[in-house]
Amino acid sequence: MNTYVFDSGTQKKLFITFGIGLLLLFLGVFFFNDGSASAEMHGAAHEAVSKVQEHASANTTEAHAAPTHEEKHATVGLAVIANIYNAFYFGFYIALAAMFFLAATTIAWGGWQIQIQKIPLAMAMNIILFLGLLLVMFIFFRHDIFEWTHEYLYDPKDPRFDKILADKHDFLNMGTFWTFFVIIAGISITLVAYWWSTLTTLDEQPSMKLFSKSRAIAAITIVITAFVINTFATWLWSMSIQPHWYSTMYTWNTMAGAVVTMLSLLILLIFFLKSKGYLPNVNENHEHDVAKLMFAISVFWTYTWFAQYMLIWYANIPEETQFFRVRRTMDNYGFLFHFTFFCNFILPFFILMKRGSKRNKTAVIVAATIIIFGQFSWFFLMNCPALLPKGGFGLISIGSLLMIISVFIFVTLKMLSRVKDLASTTHPYVKESYQFKI
Amino acid sequence: MSDTKKYLVGIFDDDDVLLHAVKDIRGAGYEISDAYTPFPVHGLEHELGLEPTRLHTAGFFFGATGLTVALSMITFINKFNYPTNVGGKPFFGLLAYIPIVFEHTVLFSAIGMTVSFYYLCKLWPGKKPKIIDERTTDHLFALTFELDNSKTSAYVSEVSDLLKKEGAIEVYQKEV
């Protein structure tokens, strides 16, 4: 039982989850409400504004009339694009965090994770898939997602000319965007392919030399993940959705959120594999360590989240506060904003605080599920409100979460079934993992 | 002096032998007062049947005290006693308090736990140490059995025999 067999029952369950997600997405499109029902009150003000403008110019009244059918159509499309894009970005980041986990535990002379390290390895292989999906989004929908890709913003003669974006044009332009896409994709695919070949070769021909070499690559992986992939991916793919806004805590926050989601998914997969009879020597000590990391990194996520929020609140510069004005103060996102904080910090903190509950399967599963959902909501809040100022978190978002998680787990289990030695029984450090006790 | 106690001491020279001895002696129903080792022996606290420490529970309450003290004090000063307008922020600006409240929580729990730890270990500055055997600070291990008035000489000889059987290199009585 040291090679995982991806049985048809599991595949069926994942297909059903994907189907439910797709169904929810269609239901979300069908029942789509662009906020016009809740915005009746604003309607009066809206009319007043249009009346004033009617006096100024008869031509502009057309634009301020009630949303036509086509406009609503466009908003539904944008909601679907924004949610799907957010889900792809989320999936890419979980996979990247899995590679970071492999590198970080290897560089730290980690022994406890040897038996389970094939799971993050298989998760990291998702990088290739999600980079492809993101590329599709960038090619076809970049003008919908990124405001700054429109050329007219940089033309001083155009009425839509934007001074701030024109100043940022040296960095925020399609040349930089594609250059960094190629760099990020090239480096991360090379690294993940390297990790795959090293760890599978270690199964067949275990050698200290290869292991030592993997530690050197682990150091390179960490540096490149932090300073190249993570930094520029968050700047160009997420922060530039609201191009007038910037924050230095954003990159940290994204990566911390991705790592804690990845750990939650990892522990759910460990429980799943153990329930199928695999990984016989993984016991509550290993699970305890993963749960400890979950606890620690959810606190770290809160640290970055709070630091970003407090600095912006305290400085009170309009160009910075607009980010939280959209997300916290407005009706559509205000609840979700506090809800994510509750899901990502308060609940996991109190559920996982005691030693006993970190070793309790039910408590850990509950915390992991809450964290995955909470982090997805936070990723939604980072990416979508700028695109959907009226719409909120709804069926489309939940549907895209279910779809992306089932695809992610499908690929992970598919890659795991290709691994010959699931528990890495020939790794030089595996004995340390067997005797691990805390 | 009246506050000294009499102990039966068994000296061991190997940690594995000590672990086995502890297991067997406790299995035979004798009560071990304490074990002295030159380095932490893995699993010894489990074999001795020591309760897990409750120090972290104390730490939680010290932390909660620190949080309450910091929060109430800053609120009292900033909101009621001496309200100052800082950049138009509200007088009760909870977000700005959080870093200090956090530090105060950590400070209280750290100092409180340190002091409780010394109290529980009966350590304080200027305390005269009671040393069972000076060699336990270097290379030997000791097990002690408290001998009060209820313990008969038969008990002493029974435990001594058992200790020797378990591999003790020396057995003697000592008053500290």
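I need the full set of residues from segment B:72-108 which are part of a loop (DSSP other than H, G, I, E, B) and within 14 Å of chain A (Cβ to nearest Cβ), in order please.
Across segment B:72-108, the qualifying residues are B:ASN85, B:VAL86, B:GLY87, B:GLY88, B:LYS89, B:PRO90, B:PHE92, B:GLY93.
Please go through segment A:297-310 and pick out each residue that is more than 12 Å from chain B (Cβ to nearest Cβ) and among the small types (Gly, Ala, Ser).
Scanning segment A:297-310 gives a single hit, A:SER298.
Condition first: at pLDDT 90 or above and more than 30 Å from A:ILE317 (Cβ to Cβ). Can you find one or more residues in segment B:81-103 that meet it?
yes
Looking only at segment B:59-74, decide whether some residue is under 19 Å from A:TRP313 (Cβ atoms) and at pLDDT 90 or above. Working first, answer last.
Residues of segment B:59-74 under 19 Å from A:TRP313 (Cβ atoms): B:71, B:74.
Retained after the next criterion (residues that are at pLDDT 90 or above): B:71, B:74.
Yes, segment B:59-74 contains at least one residue that is under 19 Å from A:TRP313 (Cβ atoms) and at pLDDT 90 or above.
What single numbered condition from (1) surrounded by 13 or more Cβ atoms within 10 Å (Cβ to Cβ); (2) away from chain A (no Cβ under 14 Å) fails to hold for B:GLY63?
All conditions are met except number (2).
Take residues that are closer than 23 Å to A:TYR4 by Cβ and either under 20 Å from the mean Cα position of the chain (by Cα) or among the acidic types (Asp, Glu) (or both) and tell me which of the helices (runs of 4 or more DSSP H) falling wholly in segment A:336-438 contain 3 or more.
Passing ranges, in order: A:361-383, A:395-418.
Do we find a residue being more than 19 Å from the chain's Cα centre (by Cα) and of a type outside the set (Ser, Thr, Tyr) anywhere in segment B:38-53?
No, every residue in segment B:38-53 fails to be more than 19 Å from the chain's Cα centre (by Cα) and of a type outside the set (Ser, Thr, Tyr).
Please identify the pairs in which a residue from segment A:311-330 that is within 11 Å of chain B (Cβ to nearest Cβ) has its Cβ atom under 7 Å from the Cβ atom of a residue that is surrounded by fewer than 16 Cβ atoms within 10 Å (Cβ to Cβ) and outside any helix (DSSP H, G or I), counting only partners at least 6 apart or on another chain.
Pairs that qualify, where the first residue is within 11 Å of chain B (Cβ to nearest Cβ) and the partner is surrounded by fewer than 16 Cβ atoms within 10 Å (Cβ to Cβ) and outside any helix (DSSP H, G or I), are A:ASN316/B:GLY87.
The values are calculated or read from the model by the stated rules, or taken from the named source; none is laboratory data. Every value quoted in this text rests on a predicted model; they were computed, and no experiment measured them. As a convention, Cβ positions derive from the backbone with ideal geometry for all residues, glycine included, and neighbour counts pool all protein chains shown.
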